[in-house]
Each structure stands twice: as structure tokens, then as C-alpha cells.
Amino acid sequence: MRAFRIVLSLLVVSLLALAAAPAWAHFGTIIPSDDIVGQADEKQLSLQVKFIHPMEMHYMEMAKPKQFGVVHKGQKQDLLGALKAVKGHAPDQKEAFTFWAADYPIRRPGDYTFFVEPTPYWEPAEDCFIVHYTKVCVNALGLEAGWDQPVGLATEIVPLTRPYGLWTGNLFTGQVLLKGKPVAGAEVEVEYLNQSPGNPTLVKAPADPYVTQVVKADGSGVFSYAMPRAGWWGFAALSEADWKIKHGEEEKGVEIGAVYWVHTRDMK
């Protein structure tokens, strides 16, 4: 009987430890070498596609995406063949992880919205698959046209604030869509890409709630957030898919996320 009580006590302690552990938010990412390409700038963009916990700088192994492309002036271009697998190391991770990179030449003015649909990622801790439909917009050569248009993904965030030329402290507003329709009351997770290019100082969160910010959308799926630091910020609105994926002998649920990235700069 005493042995049973010891085992039961250990089980309770383990469950409490799991409950107390922080639930790190997942984010699909597309980070371009710049969000604005001017006349005097290099006209070759470099893009990195990853699956990460942005604030904790923890990266997950990423399989080759199902689709990767760009929309410019309403025309969609398939860029999947341009992706190349890259091995990298996060600051606190000993093992190497796989992410994807591509170069893209800028030849014409306008807004370029890059998007990715990843291969479903199995997350044992959540007992489900994760698919994050991710977007980022790059403006080129002075023509501001196209940033507010949806791509047509299963779920996506459509910016209502121009998503480039943002100062630190600006308010970013977006609308969450699922199958092209607004998601009333959508919960949007917000995270800072720690050690963002151009702002490499590491931010240390004083408590777990500071890692992932959370805002609620209104009845039209519209949300806003003011970004307090220069660098890259990710917004992720999560929904449950109406389809499942077989894992072993069982059908498992799928978390689908609409993710959007924007960049801010300090006013100097």
C-alpha cells in the first residue's frame, strides 16, 4: 500500500510539473532580408522559412513545405522549386534543425506578398498536427499596391494597417479570415522574434505571460496591437480544421494558423 502511495504521489508531482510548464506558442515564419526595397538597394531578396518559438529562440525541424509562393499585382507565382534546405543551430539548442531558404529577384515595383503552406507538423505535447499558413509583405521601388489583398489561403490574416514602413509603437491592425470569411472573436497570439536582425540584443521575459501576448478580435475578426520594440513581430490566429490526419491507427485533429509578420524600426 505504501508503494502505491509513493507511485501516486510521484504521478501527481509529474502532472503538476507539466501543468506549470510554459506552453510555448508555435509560429510559422517567413523573414525576408528587408521589408522595403528602394531604388538604391540590392534587388535580390533572401528569405528564410522556419517553424519556431520566436521569443524563446527555439526551432523545430521543418519538412519541405507543400507550397511556397508570392503574389504581385494579383498574379500568383509558385516558388517551391526555389527553396533549399539549410541546417542551423538556435542559441540554446545543441542539435541542428532544418529550415528553408530562397532568393528572389525584384524586377518590378509593387507589393510582394510571400506565403507558405507547410507540411503538417506532428506535436505530441498537444496530440495534434499543426499547419501554419504564413505571410509577409515586401514593398518594392515605391509603388504601394496590393498589401491589403487576401491570398486565398485556407486561413489568413489580411492587414488593415499598411504592413511596412512601421515605427516602433505603431498600431498594427489585421482581419482574421477562415475560408475567406471573418472569424468573430478570434484569439490572436503575438510574439517578438528575439534577436531580430538589426536588433540583436536578447530580450528576457520577466514571467511567462510576457512571452506570448494575446489579443481578441472583434465581431468582424479585426484585431490591433501596438509593437513596443524594433524588429520582427508575428501574429498568429489559430483555428481547428474541419479535417483530420491519420497518425498511426488514429485520426488526429489539426490546428491551422493564420500567421502574419511585420517589421518595425526605431524613430531616430
Among the residues of the stretch 139-155 satisfying the criterion of being among the aliphatic types (A, V, I, L, M) and part of a loop (DSSP other than H, G, I, E, B), which is surrounded by the most Cβ atoms within 10 Å (Cβ to Cβ)? L153
Among the residues of the stretch 199-216, is there at least one that is modelled with pLDDT of 95 or more and touching a Gly at 6+ places or on another chain (Cβ under 9 Å)? yes
Any residue at all in the stretch 56-64 that is free of Cβ contacts under 8 Å to residues at least 60 places away in the same chain and part of a strand (DSSP E or B)? yes
Those residues of the stretch 65-84 which are part of a loop (DSSP other than H, G, I, E, B), touching a helix residue (DSSP H, G or I) at 6+ places or on another chain (Cβ under 9 Å) and surrounded by fewer than 18 Cβ atoms within 10 Å (Cβ to Cβ), in sequence order: K66
Could you count how many residues in the stretch 247-263 are touching a Pro at 6+ places or on another chain (Cβ under 9 Å) and within 14 Å of F172 (Cα to Cα)? 4
Under 9 Å between Cβ atoms, which residue pairs at least 6 apart in sequence (or on different chains) link something in the stretch 148-177 that is touching a residue at least 60 places away in the same chain (Cβ under 8 Å) with a partner that is in a strand (DSSP E or B) and acidic (D, E)? Q149/D111; L153/E117; A154/E117; P163/D111; Y164/D111; V176/E156; L177/E156
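Rundown of residues vs (1) modelled with pLDDT under 95; (2) part of a strand (DSSP E or B); (3) within 14 Å of the chain's Cα centre (by Cα), yes/no style:
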residue	(1), (2), (3)
V86	no, yes, no
Q93	yes, no, no
A102	no, yes, no
V116	no, yes, yes
H132	no, yes, yes
C137	no, yes, yes
F172	no, yes, no
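The values are calculated or read from the model by the stated rules, or taken from the named source; none is laboratory data. Model, not experiment: these values are computed from the prediction. With ideal geometry, Cβ positions are generated from the backbone for all residues, glycine too; neighbour counts draw on all protein chains shown.
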